[in-house]
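Structure first, then comments.
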Amino acid sequence: MDTFPSVYRERDGFLHRFLSIFSSIYNDFEREIDSLSDILDIDNAAPELLPVFGAWLGLDLSGDYLTDEMMRTLVKEGYKLNRMKGTRACLERVLEIVLNERAIILEQNTIRSFMEDGQIADTSLEDGSIYDVNILVKKRLSDNDRYQLLYLLSQFVPLRSRLHIIQLKDSGVLD
């Protein structure tokens, strides 16, 4: 206000009140812009924003299966996971994030070679096609959790691949 002629410098005059409207709008925008880095920080972002960030990376994180920490980790590693999409390493990493344990991934051709060697006696796994991927997990999953896990994993598998989650029974393992 000090730069205007003395006629316009009145503290509660028309020009002062008129310009204060724009000043308040500018100050509100400035606060929003300054807090934008906090909103976009994945570690501090609100949990309801995480599916939005995932969608920006092409990940559908909908459903109530994933905890906030799982979603944060998936969003943080989303770019790397998209680059590895369709690989065994990508599926292993997603399973490790979601299940908090390493899962065993067996492609159908691997199962056939194990059956030929006599290492697997279960013949129900033999009927799959070459595009089948079997995931052996130790963790107990409900039907809802299985479907949501399959939905999440289907975003990272190659085209035409079919996933099968097989829950292992509690037993002692030597190796």
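The values are calculated or read from the model by the stated rules, or taken from the named source; none is laboratory data. The structure displayed is predicted, hence computed values, not measured ones. Note that each Cβ is placed from the backbone with ideal geometry, even for glycine, and that neighbours are counted across all protein chains shown. We work out accessible area using only protein heavy atoms, side chains counted, and drop any ligands, DNA or RNA first. Shrake-Rupley method; radii C 1.70, N 1.55, O 1.52, S 1.80 Å.
For the chain, the membrane-span-like helix rule (DSSP H, alpha carbon extent of at least 27 Å along the helix axis, mean Kyte-Doolittle at least -0.5) picks out 14-34; this says nothing about an actual membrane. Most simply put, the chain has about 40% antiparallel DSSP beta bridges, counting only bridges with both residues inside it. One entry in [x] 46; [y] 55; [z] 31 is percent of Cα pairs over 24 Å apart calculated from the shown coordinates; its label is [y]. Given R0 = 41 Å, the distance between the Cβ atoms of residue 151 and residue 27 translates into a calculated FRET efficiency of 0.35. For the chain, the relative contact order is 17 percent, taking Cα pairs closer than 8 Å that sit 6 or more residues apart in sequence and dividing their mean separation by the residue count. Taking label positions 7 Å along the Cα-Cβ direction at both residue 15 and residue 169, the computed distance is 8.9 nm, reported to one decimal. Specify the inter-centroid distance of the stretch 40-101 and the stretch 4-22, based on alpha-carbon positions, in whole Å. Using only Cα atoms to place each centre, the spacing works out to 52 Å.
Partner lysines whose Cα lies under 27 Å from the Cα of residue 169, excluding those fewer than 8 positions away in the same chain, are identified as 138, 139. Per-residue Karplus couplings for the stretch 49-55, computed as 6.51 cos²θ - 1.76 cosθ + 1.60 with θ equal to phi - 60°, are listed in order as 8, 4, x, 5, 4, x, 5 Hz, Gly and Pro entered as x. Heavy-atom accessible surface of the chain, averaged per residue, reaches 68 Å², computed with a 1.4 Å probe. Quick check on the chain: helices-only [θ] at 222 nm, where DSSP H runs of length 4 and up contribute -39,500 (n - 2.57) each and the sum goes over total residues. Nearest 500, please. Estimated from H runs of four or more residues: -13500 deg cm²/dmol. Taking the 1.4 Å solvent-accessible surface of the chain as the whole, the part contributed by carbon and sulfur is 54%.
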